[in-house]
Amino acid sequence: LALCDGLTTYGISLTLAASAMPAFLEERAKASKVTVLRPEQMHMDFILPFLAKAAPDALVVDSYLLVDDARQSLAALNIPMIYLDDGRGQKLPKASMVINPSPFANIDAYKKTAPDATLLLGADYSYLSAHFWPENRSKTLSMCERDHILISFGGADPLQLTAAVTEGLMPLCEMGVHIDVVLPAKFEKKATLPQHCNIHWHQNLPSLAPLMQKVGLAVAQIGGTMGELATMGVPSIILMSDKEGEGFAAPHPDLAWNLPVPSHTVANADLPKLLVTKATNLWHDTALREQLAKTGQKIVDGRGIRRISQALKEHLS
């Protein structure tokens, strides 16, 4: 959808096919003048005949959600393949362009898996929707004016940290701090969560941009939210999964705006306490938060989709 935001500004017509899409995202897509297809199941029996008839100028796919056979079948149609990739080493048959905004995107690896592709790699190509573009944001608040903490462990929260971390940070609420908690999409046990007048629960938000404008610290899971936090000037405690955490042995300049916590270095039972301690200490260090915020906005300037859209437009031309 972020890519759709950018491509429509270049007059490119778009069709988005998805079998599992929340209603609020479908509404957002249609508001962006995107045609939405909703097959009951995303089988090749539907996709291949549709593409053969529609004959699009390019096909954009999220590589790691497709098995190898599916990508091979799509590539056989001889439609330029644009892969949104996360660098896990999948085969990228007939790749025309590869987009990977990760700071750890490995150009040498892509020269093997996608030798003829145009490569758009690194934080300059972060997928940020129109809500996060600089021209659509209000004036950035200073850290002294930001009195909210954001907690977001992604759409699944695999380690089930949301409630424990929220409860651990509750003492800050007595100091006037507000805590915004983004619940996993399918979370249903709200009655079990800690309650306080300064704790606000959010679910299925169309955009986190309005929340982030007043957030002075985030505790989050590694993922697409990282680019959003950086461009909004939100210093963060970022939890890395086992595989991703291994890559943080050496510091990376594109991660200088957050404090990473590799989960594989800590027992699961100890993780909430560690995250709460780091978050509490960072919250009380306003100067460090200001420094991290400015660094993040230099790394992710919010114009990644513009760069991607322009490159894709030139590529198709």
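Tabulated values for the structure
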item: Expected 222 nm ellipticity per residue - DSSP helices of 4 or more, -39500 (n - 2.57), all of the chain, to 500; result: -9000 deg cm²/dmol
item: Of Trp201, Trp133, Trp257, the one that fluctuates the most in a GNM where the chain has Cα springs shorter than 10 Å; result: Trp201
item: Kirkwood-based shape ratio for the chain, expressed as Rg/Rh from alpha carbons; result: 0.97
item: Residue-count net charge about Gly216 - beta-carbon cut-off 13 Å; Lys, Arg +1, Asp, Glu -1; result: -2
item: Within-15-Å neighbourhood charge of Glu314 [Cβ basis; K, R +1; D, E -1]; result: +2
item: Solvent exposure, largest accessible area first (probe 1.4 Å, DNA, RNA and ligands not counted), of Thr15, Thr295; result: Thr15, Thr295
item: Listed residue (Cys173, Ala31, Gly216) projecting farthest to the positive dipole end of the chain, Cβ model; result: Ala31
item: Carbon and sulfur %, accessible surface of the chain computed with the full protein complex present, 1.4 Å; result: 53
item: Student exercise, segment 121-274 dipole from Lys, Arg, Asp, Glu Cβ charges, in Debye to nearest 20; result: 300
item: Separation in nanometres of the label points that stand 7 Å from Cα toward Cβ, at Met21 and Lys298; result: 3.9
item: Candidates Ser138, Ser73, Ser32: whichever shows maximal mean-square fluctuation once the chain is modelled as a Gaussian network with Cα springs under 10 Å; result: Ser138
item: With Cα atoms, 0 to 90° folded angle of helix 271-283 axis to the chain main axis; result: 70
item: Accessible surface, per residue, of the chain when the full set of protein chains is kept, probe 1.4 Å, Å²; result: 50
item: Solvent exposure, largest accessible area first (probe 1.4 Å, DNA, RNA and ligands not counted), of Thr162, Thr225; result: Thr225, Thr162
item: Segment 3-148 shape via C-alpha gyration tensor axes, a/c threshold 1.5; result: oblate
item: Unsatisfied cross-links (Cα-Cα over 32 Å) in the set Lys91/Lys214; Lys139/Lys273; Lys214/Lys278; result: Lys91/Lys214; Lys139/Lys273
item: Folded to 0 to 90 degrees: helix 304-316 orientation relative to the chain principal axis, Cα; result: 10
item: Dipole in debye (nearest 20) - the chain, about Cα centre, beta carbon charges: Lys, Arg +1; Asp, Glu -1; result: 480
item: The chain: antiparallel DSSP beta bridges as a percent of all, rounded to 5; result: 0
item: Gaussian network model of the chain, Cα within-10 Å springs - most flexible of Asp301, Asp254, Asp157; result: Asp157
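The values are calculated or read from the model by the stated rules, or taken from the named source; none is laboratory data. The model shown is predicted, which means the values in this text are computed figures rather than measured ones. Heads up, the Cβs are rebuilt from the backbone with ideal geometry, glycines too, and the neighbour counts pull from every protein chain shown. Protein only, heavy atoms only, side chains kept; ligands, DNA and RNA dropped before computing areas. Shrake-Rupley method; radii C 1.70, N 1.55, O 1.52, S 1.80 Å.
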